[in-house]
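Readers should treat all values here as calculations from the given coordinates under stated rules, not as data from a laboratory. Treat the numbers as computed from the prediction; the structure is a model and nothing was measured. Every residue, glycine among them, receives a Cβ derived from its backbone with ideal geometry; neighbour counts consider all protein chains shown.
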Amino acid sequence: MDPLAGFEAFAAWAAANPLALLGAAGAVPLLCVAVAWAGGALRAGARGEASPRPEPAPAGRAATTPPAAAAQAGPPIALETPPRAEIPAPPAPAPPPARLRDRLRLTREAFVGRLGALLGGRAVDAALLDDLEALLLGADLGPRTAEALLAAVRREASGGDAAAVRAALRTAILAKLRRVEPAGAPDAGGKPHVVLVLGVNGSGKTTTIGKLAARHAAAGRRVLLGAGDTFRAAAVEQLQIWGERVGCDVIAGTPGGDPAAVAFDTVKAAVARGADVALIDTAGRLQTQRPLMEELAKVARVIARELPGAPHETLLVLDANTGQNALSQARLFTAAAKVTGLVLTKLDGTAKGGVLVGLAEELGIPVRYVGVGESVDDLREFDAEDFVDALFGDAA
Ligand SMILES: Nc1nc2c(ncn2[C@@H]2O[C@H](COP(=O)(O)OP(=O)(O)O)[C@@H](O)[C@H]2O)c(=O)[nH]1
Ligand SMILES: [Mg+2]
């Protein structure tokens, strides 16, 4: 058709039907939107782009829109709604912290759980005390502690019943653990507050440092980490991953380099950068290697030379799974360094948590933290009452 003739015919129709014209005008924006979308899709197609996809989810987080759901959703129609991937996900409610009672289940079952069956309706006599001694040793309390607890039962519960024995044990254990409750706050003293972390390989040093760094950062403190385990390259990487997670810097040396040099650099950098806390990791080859112990003594000396009074805390990390071996490790480390606090890790996965009572009795060193899992929240400040409540199943 001649375009001019077509326009004249339309003008004549419009003059005769003004309302219809208004209706047609109302449809124009919708038409434009459709054309714009089609044009955009075509241009995207020409550039070889696929239809909008949700951003890949960061590791460990679910994608906002699963790819399959996005494919089924079809083309975007309502343009004022942002693409689905941009809708911020509602914050996930924080899971309630796991109860210490739950995390100590295996230890409780191995100790207090068996106690009920052993005592039954029996009176406290020599045969019962023998059985009780075997139970205490089996629960990794150690011979000296078992003996001390038996003496308490003899004293407090002779002629009594099962409840009296249980109460005597509970009171005696609580008294022993109260002796090793730390006196001051965990970050008291020093600016920067320097913490040196010792322990054999695999005891949980690096993980504990990561958890501690997260606590300090959450409290608004500036944290610096020192990768003093130069013996294993993976240990440095592991600490760096924690540093990224927590958002703090990590001072690392050369692989196989001098750990004392890393400790020195960390303290120096912590002072220069105005850090509040410096947490220094160390290598943990087996404690039977004498040079390791000499090395640790050197690390402590170098730190003190750079910052008088530091390290303000020297934490020895012990794995509860090692049971009585934790005690011999502790003896060797305390001979080599001035250990000011213990961290007992992996209490969540062991029946040997009773070793904590043995450590308290034999060493008398404050227990600063207990590790009850692998995640960042699974480090608890040690509290004797809470621990005993959880151990005896009395906690709420
Ligand atoms: N279940 C559990 N695992 C832990 C705990 N602390 C550390 N671990 C794990 O123990 C392993 C060794 O820990 P790591 O920090 O590398 O030990 P390091 O060699 O002393 O530095 C890692 O798999 C940690 O996730 C804890 O309290 N509970
Ligand atoms: Mg490590």
Discussion item. Highest mean first, how do 355-363, 144-152, 318-326 rank when packing is the count of other Cβ atoms within 10 Å averaged over residues?
Written reply: 355-363, 318-326, 144-152
Item to complete: Just list whichever of LYS211/LYS338; LYS211/LYS352; LYS268/LYS352; LYS176/LYS338; LYS176/LYS268 have alpha carbons separated by over 31 Å in the model shown.
Response: LYS268/LYS352; LYS176/LYS268
Worksheet entry | In the range 283-350, the GluC sites (Glu not before Pro) that fall in loop regions by DSSP, at most 13 other Cβ within 10 Å | none
Worksheet entry | Of the trypsin sites (Lys or Arg not before Pro) in the range 325-369, those whose Cβ has at most 12 other Cβ within 10 Å and which sit in DSSP loop | LYS338
